[in-house]
Each structure stands twice: as C-alpha cells, then as structure tokens.
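Asks: Okay, handing you the structure first.
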Amino acid sequence: MDSKISKIGVFTSGGDAPGMNAALRAVVRASIYYQKEVYGIMQGYEGMISGEIVKLGARSVGNIIQRGGTILKSARSAEFRTKEGREKAYANLKKHGIDSLVAIGGDGTFTGLHKFYEEYSVPSICIPGTIDNDLAGTDYTIGYDTATNTAVEAIDKIRDTAISHNRLFFIEVMGRNSGYIALNCGIAGGAVATIIPEESITLEELFNKLDEGGKTNKKSSLIVVAEGSKLGGAMELASKFSARNNYFDIKVTILGHLQRGGTPTYFDRVLASKMGIAAVEGLIKGEKDVMVGIRNNVIVYNSFDTIINHIHEIDSESLRIAKILSI
Ligand code: F6P
C-alpha cells in the first residue's frame, strides 16, 4: 500500500555518529527511487524551527557515504522542547509542503519526534544513529561499530607505550549511560578490567584485582572505563587507586570525541544503507511514530513505547567472556 506521503523531510539530530551521512544518502536515494521529493533540514530540530530547509537530489548526497560527521549538521535543540518551538517547526514544514519526516539520531531525537507526532500527526520514522548502541529494539545503532573500532585502535597504541614503561593506564571511553563501547573495547583491547554502568563491581573488588596483578609481578595493565561508570571516571579511579598502590606507575587517557569522528566502517555503511531504505519504505507502507531497528539481521519497526524507557541490555555472554579473559 502506498500511503499518501509525497515530500519527505530528513535531518540528523543529537550527537553525530559515523554513518549518518550514509543513512542520509540512502534516505535521499530511496525517496527518489520511489518518486518522492526529499528535503534536508539543517541542524536537526533547530533548522526545522529556523526554516533552514533545502531540497535534495540524488547528486546532493554523492561522495558522502565514506564521510564521518553529518553534512546536514546536528544539534541538541532546547527550543524544540517548548510548545512554541514545535509550533514554529510545524509552520516551516507546512510552508515547504513536507508531509513526513525521517530523523537520524538517538533517544532524545526519537522522544522529540514522538512528541511532534502526538501534536501534529506528521508521519515520522527515526533511524537509530548514535555511537552508544544504547537503544532497545535494535541489535546495533549506526556509528557504534566505527566508534568501537576507533577506540580499540587507540587502546592498542596505548598498550605499546604502557608495556614499554611498565605502566597502568585507566582509559575512558564514551557511553553516557551505556557500557557497550567499553565492554567490547575491553575484550578486544585485552583489558585487565572493564568498568561499565550496567555492572556493579565495587571499588574494593577492582582495587583488589589490580593489587593481585601488582603482587604477581604484572608489569602493565589497561583498564577500560565507560564515561558513565558509577564508580567514577578514569581520572577519579586513577587518583583513588594511586593513593593505595605501591606497584604501578599510573596514567590516564580520556578518548572523548575522537570516537565520534572518522570514516565509517563497512558495517556502519551497510547498516545505514539498509536502515535508510527501510525508513522510506516504512513511511510509504504507512508506518508512523516508529524507530527502525535490526534484529538478527532482519529490519523491524519499533513503537515509541517499546524503545524509550527500555534498556538495551548488555549481553551476559560478553560479560562472561570479559571476566574469563581478564586475569
Ligand atoms: O550520545 C553519544 C555521546 O557521544 C555520548 O557517549 C556522550 O556522553 C555524549 O554523546 C557527549 O555529548 P556532547 O558531544 O554533546 O558533549
């Protein structure tokens, strides 16, 4: 069934993620394939409010599949959280004749889109784009694979210098509420311990483990800490451990926004391409107020209620593997 949509607005919102451009490209080309007009909204909800909206064609998205960041730019809009902001946004969509939306972003983006749908009934679909991989309803979000590979590459480099100087490094990776990046970097980077928000290890347990290593003459170690760790960030943990450690020379590296940039991996490009097409096909079939996901390699459409306030559980097998290997 072809629903009555004819002009699709597309935007990227929230923290950027590698692969957002590949998703945009897929949305634009699929729209054209299905003979729909497509408009790019600049800077997420901010551009919807200010009216910064441009018509896109197949060539507008040439040479971007391999580029990090987002050519549409991104923002976290405070104004869109207000009724007045959303009113202005709706007026601008009407002005351009835009009758449906595809948003590429994380939970904040989907929350805004849902609110807008409740108020103005504009058929809309969210594509999960965030390095955190913290959205329920999908095995992977766009950008997570690239960010994790970037972090592992950095960790490998830190390992070289850690070993040369017999040092203990606390390495902080991104993930405000989610330990996906940290856990898998910990496994792939050979960390002696990985601290994530989802798991409750105590400071004492962590320090005892590090002490054991010191006593058994372990010369260097890497500890990966998720930004959202409840025990504190890498700086705090390092300074607390320094106070009682007699074995290691301790250093800290915070990888930060380096993880958000760079060329998307093949995995993120393919995922973004599949999800971009699924978003347009979903709108055409009459899906609305949903987020695209991928489960066991099959595209799914998730309602708002099944995503927001649900946790993308860390899989217990990865936790088990990390434990077995970190001795
Ligand atoms: O949500 C993605 C993310 O990179 C988080 O891991 C991090 O906590 C946050 O965004 C940082 O946001 P900002 O770039 O606005 O400081």
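The values are calculated or read from the model by the stated rules, or taken from the named source; none is laboratory data. Just so it is clear, the structure is predicted and the values come from calculations on it, not from any experiment. Backbone-built Cβ (ideal geometry, glycine too); neighbour counts: all protein chains shown. Please note that ligands, DNA and RNA were not included when accessible areas were found on the heavy atoms of the full protein model with its side chains. Shrake-Rupley method; radii C 1.70, N 1.55, O 1.52, S 1.80 Å.
Asks: Points 7 angstrom from Cα along the Cβ direction at LYS218 and LYS230: gap in nanometres?
Replies: 2.3 nm
Asks: Pick from ASN184, ASN296, ASN21 the residue whose mean-square fluctuation is largest in a GNM of the chain, springs joining Cα atoms under 10 Å.
Replies: With Cα springs under 10 Å in the chain, the top fluctuation among ASN184, ASN296, ASN21 is at ASN296.
Asks: Check cross-link reach from LYS73 to the lysines: straight Cα distance under 19 Å, and skip same-chain residues fewer than eight apart.
Replies: By straight Cα distance, LYS73 reaches LYS55.
Asks: Could you order LYS73, LYS209 so the one with the most accessible surface comes first? Probe is 1.4 Å.
Replies: Sorted by accessible area, descending: LYS73, LYS209.
Asks: Sorted by accessible area (1.4 Å probe), largest first, how do SER178, SER273, SER239, SER200 line up?
Replies: SER200, SER239, SER273, SER178
Asks: In addition: Treating only the Cβ of Lys, Arg, Asp and Glu as charged (+1, +1, -1, -1), what charge dipole size does region 147-260 show about its Cα centre? Round to the nearest 20 debye.
Replies: Using Cβ point charges on Lys, Arg, Asp and Glu, region 147-260 gives about 240 debye.
Asks: Moving on. About the Cα centre, and with charges only on the beta carbon of Lys, Arg (+1) and Asp, Glu (-1), how big is the dipole of region 97-166? Nearest 20 debye, please.
Replies: In total the dipole reaches around 160 debye.
Asks: For the chain, what is the charge dipole size about the Cα centre, in debye to the nearest 20, if Lys and Arg each add +1 at the Cβ and Asp and Glu each add -1 at the Cβ?
Replies: 800 debye
Asks: Within straight cross-link reach of LYS83, meaning Cα distance under 16 Å, which aspartates and glutamates are found once same-chain residues fewer than 8 apart are removed?
Replies: GLU46, GLU118, GLU119
Asks: Report D for the chain in µm² per second (integer): Stokes-Einstein, Kirkwood Rh on Cα pairs, 10 °C, 1.306 mPa s.
Replies: D = 77 µm²/s.
Asks: What distance in nm separates the two pseudo spin-label positions at ASP139 and ASP211, each 7 Å out from Cα along the beta-carbon direction?
Replies: In this crude spin-label approximation the distance works out to 4.2 nm.
Asks: Give me the angle, in degrees from 0 to 90, between the Cα long axis of helix 266-285 and the longest principal axis of the Cα atoms of the chain, rounded to the nearest 10.
Replies: Helix 266-285 sits at roughly 30 degrees to that axis.
Asks: For LYS55 paired with THR111, estimate the spin-label separation in nm (one decimal), with each label point 7 Å from Cα along the Cα-to-Cβ line.
Replies: Between LYS55 and THR111, the label points sit 3.7 nm apart.
Asks: Provide the percentage of antiparallel DSSP beta bridges, counting only those with both residues in the chain; round to the nearest 5.
Replies: Restricted to the chain, the bridges split so that about 25 percent are antiparallel.
Asks: Which entries in the list LYS240/LYS323; LYS157/LYS230; LYS36/LYS288; LYS209/LYS240 go over 20 Å, if you measure between the two C-alpha atoms of each?
Replies: Beyond 20 Å: LYS240/LYS323; LYS157/LYS230.
Asks: Sticking with this structure for a sec: Can you tell me the orientation of helix 180-189 relative to the chain, as the angle in degrees between its alpha-carbon axis and the longest Cα principal axis, to the nearest 10?
Replies: 50 degrees
Asks: Is the C-alpha gyration tensor of region 104-169 telling us rounded, prolate or oblate? Criteria: a/c under 1.5 is rounded; beyond that, a/b larger than b/c is prolate, otherwise oblate.
Replies: Because a/c hits 1.5 or more and a/b exceeds b/c, region 104-169 counts as prolate.
Asks: Within region 16-50, whose backbone N sits under 18 Å from a point 7 Å along Cα→Cβ of GLN66?
Replies: Zone members listed by number: 18-26.
Asks: Something else about it: Hey, what D do you get for region 147-260 in µm²/s if you plug the Kirkwood alpha-carbon radius into Stokes-Einstein at 25 °C and 0.890 mPa s?
Replies: Reported coefficient: 179 µm²/s.
Asks: For the chain, modelled as a GNM with alpha-carbon contacts under 10 angstrom, which of SER316, SER13, SER60 fluctuates the most?
Replies: So, out of SER316, SER13, SER60, the one fluctuating most is SER316.
Asks: Let me ask something additional. Among the aspartates and glutamates, which have Cα under 19 Å from the Cα of LYS215 when same-chain residues fewer than 8 positions away are ignored?
Replies: GLU204, GLU205, ASP249
Asks: I've got another one for you. Nearest 500 deg cm²/dmol is fine: what mean residue ellipticity at 222 nm does the chain get from its DSSP H runs of n ≥ 4 alone, each adding -39,500 (n - 2.57), divided by its residue count?
Replies: About -13000 deg cm²/dmol.
Asks: Now, a different point. Could you work out how far the C-alpha centroid of region 1-32 sits from that of region 174-229, in angstrom?
Replies: 38 Å
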